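Below is one structure; the comments refer to it alone.
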Amino acid sequence: MAQFNYKAIDKHGKNKKGTIDAADREKAQEKLKAEGLQVTDLSDAGEVRPITIGKKKVKSRDLSILCKQMVSILNAGVTVITALEMLSEQMDNKTLKAAIVEAKIHVEKGGSLADAFRLNPDVFPPIMINMVAAGELSGSLETSFDRLSIHFEKDDALKGKIKGALTYPIMVMIVAVLVVIVVMIVVIPNFVSMFEDMGTQLPLPTRIMMAGSELITEKWFILLPVIIGIVVAIKVFLATPTGQMVSAKIGVNAPIFSNLVIKSNTARFARTLSTLMAAGIPMLDAIEQVAKMMDNKIFRDGLMNTKAQVAKGLPLSKPLRDMEVFPTMLVQMVKIGEETGNIEDMMEKVADLYDREVDLATEALTQAMEPLTMVIMACIVGMIVAAVYGPILGMYEGVSNM
């Protein structure tokens, strides 16, 4: 018996890690799966794994390109080992290149390509591992990689749309914060002595700006740890189940962002479910994999519950409707797919539809954020003007009345 260290996700979506005794890696995988765990990392307890610092993240775009290249090479009649060798030689992303080299070594020893990808779960996502495994079993590996390339390309495009919608307001807010800091550090100190000589009660905006200037210039060593502590506390809170749920509820219910959040998650759900089921992945496994890809905890937990309900014999459309977060259109299309026995095609149509809806939601969000950010900037500028020029105007009025 050998010992294996594992990292896994339970049926509630929580991360678990530990050690398990098994005859080999495959037996360890089977035992963990029987316990209801989805393995994300499995290594020999006696194996010393290299420590890597500053790994470059593998993006959906990188995986899409990899899959496209894999399709072209395999269609040319090249073996998997040779294909992996060719890809490793031309790969720019060092993290992905190292993972491909490790996969090649594993396949050369007689292992499957899916198991080779499982050695690096932080590089190759579960959907890729499962579809490659299905492709190897059915003898249609090229088809699996072709579907994966489309999936990752669409996923990258979806993420790009969301980032594009948020870039403008974030940049405006950053500029606003920088303007306030510069005013407090450079402008306000020049007026402090003049304000003090006036000997009159200063307006509230002026007192606030002066207090902020003093805090930044003279007590920054207190302010900096406080800001860092707040940021760390927020990150720690958002990493907890409660924090994830709070964040998820804000995303689903926020007046400006909810439309984009719901439609983008709908598009991702439909696209991923269609891709997995078209590759021959059983529905229960497909739902579980889709759930784990969801960033929003409400969707993630709801889909894990959906899997449990479908396992009891309920049609997929019913628990999806009971989640009360997916649009009615999705539920109706799932129901039609169940009646016609062709859910994957229905989901592909839904994914295409909501990809377009995400475009419209992104445009609407951008249009809504532009006036909102301008109002915020106007309020900031107005506060600065009131704080700096209010006392000066008051002083001139006092002189003119003498």
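The values are calculated or read from the model by the stated rules, or taken from the named source; none is laboratory data. Here the structure is a predicted model, which means the values were calculated and not measured. Every residue, glycine as well, gets a Cβ built from its backbone with ideal geometry; the counts of neighbours run over all protein chains shown. When the accessible area is computed, the model is the full protein with side chains, heavy atoms only, and any ligands, DNA or RNA have been set aside. Shrake-Rupley method; radii C 1.70, N 1.55, O 1.52, S 1.80 Å.
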Relative contact order of the chain: what whole-number percent is it, with Cα pairs under 8 angstrom and at least 6 residues apart? 15 percent
Using the crude model of +1 on Lys and Arg Cβ and -1 on Asp and Glu Cβ, and no other charge, please compute the dipole size for region 174-317 relative to its Cα centre, in debye to 20. 840 debye
How much accessible area does residue 178 have with a 1.4 Å probe, in Å² rounded to the nearest 10? 100 Å²
So, in nm, how far is label residue 43 from label residue 94 when the simple model puts each one 7 Å beyond its Cα toward the Cβ? 1.8 nm
Tensor-based shape of region 279-351 (alpha-carbon gyration tensor, a/c under 1.5 rounded, otherwise prolate or oblate): rounded
From phi via Karplus (6.51, -1.76, 1.60), per-residue ³J(HN,Hα) for region 327-344 in Hz, x at Gly/Pro: x, 4, 4, 4, 4, 5, 5, 5, 4, 5, x, 5, 6, 8, x, 9, 5, 4
Calculate, for residue 332 and residue 173, the FRET efficiency according to 1/(1 + (r/R0)^6) with r their C-beta to C-beta distance and R0 41 Å; round to the nearest 0.05. 0.55
What are the ³J(HN,Hα) couplings of region 283-289, residue after residue, when phi is run through the Karplus curve with 6.51, -1.76, 1.60 and θ = phi - 60°? Round to Hz, x for glycine and proline. 4, 4, 5, 5, 4, 5, 5
Can you compute the FRET efficiency between residue 370 and residue 75 using 1/(1 + (r/R0)^6), with r the Cβ-Cβ distance and R0 = 56 Å? Round to the nearest 0.05. 0.75
If packing is taken as the mean number of other Cβ atoms within 10 Å per residue, what is the order of 268-279, 358-369, highest first? 268-279, 358-369
Please list 242-248, 215-221 highest first by mean number of surrounding beta-carbon atoms within 10 Å per residue. 242-248, 215-221
If you wrap a convex hull around the Cα atoms of region 157-302, how much volume per residue is inside, in Å³? 149 Å³
Students often forget the sequence filter, so: which lysines lie under 22 Å Cα-Cα from residue 94 once same-chain residues fewer than 8 apart are removed? 55, 56, 57, 59, 68, 104
Through the Karplus equation 6.51 cos²θ - 1.76 cosθ + 1.60, θ set to phi - 60°, convert the phi angles of region 360-370 into ³J(HN,Hα) values in whole Hz; use x for Gly and Pro. 5, 5, 5, 5, 5, 5, 4, 5, 6, 6, 4
May I ask for the distance between the Cα centers of region 253-303 and region 336-381, given as a whole number of Å? 15 Å
Starting from the Cα of residue 227, step 7 Å along the direction of its Cβ; do the same at residue 258; then give the gap between the two resulting points in nm. 3.4 nm
How big is D for region 67-217, in µm² s⁻¹ as a whole number, if Stokes-Einstein is applied with the Kirkwood radius of its Cα pairs at 20 °C and 1.002 mPa s? 106 µm²/s
Gain on full stretching of the segment that runs from residue 211 to residue 59 - 0.36 nm per residue minus C-alpha separation: 50.2 nm
The chain: D in µm²/s via Stokes-Einstein (Kirkwood Rh, Cα pairs, 25 °C, 0.890 mPa s)? 97 µm²/s
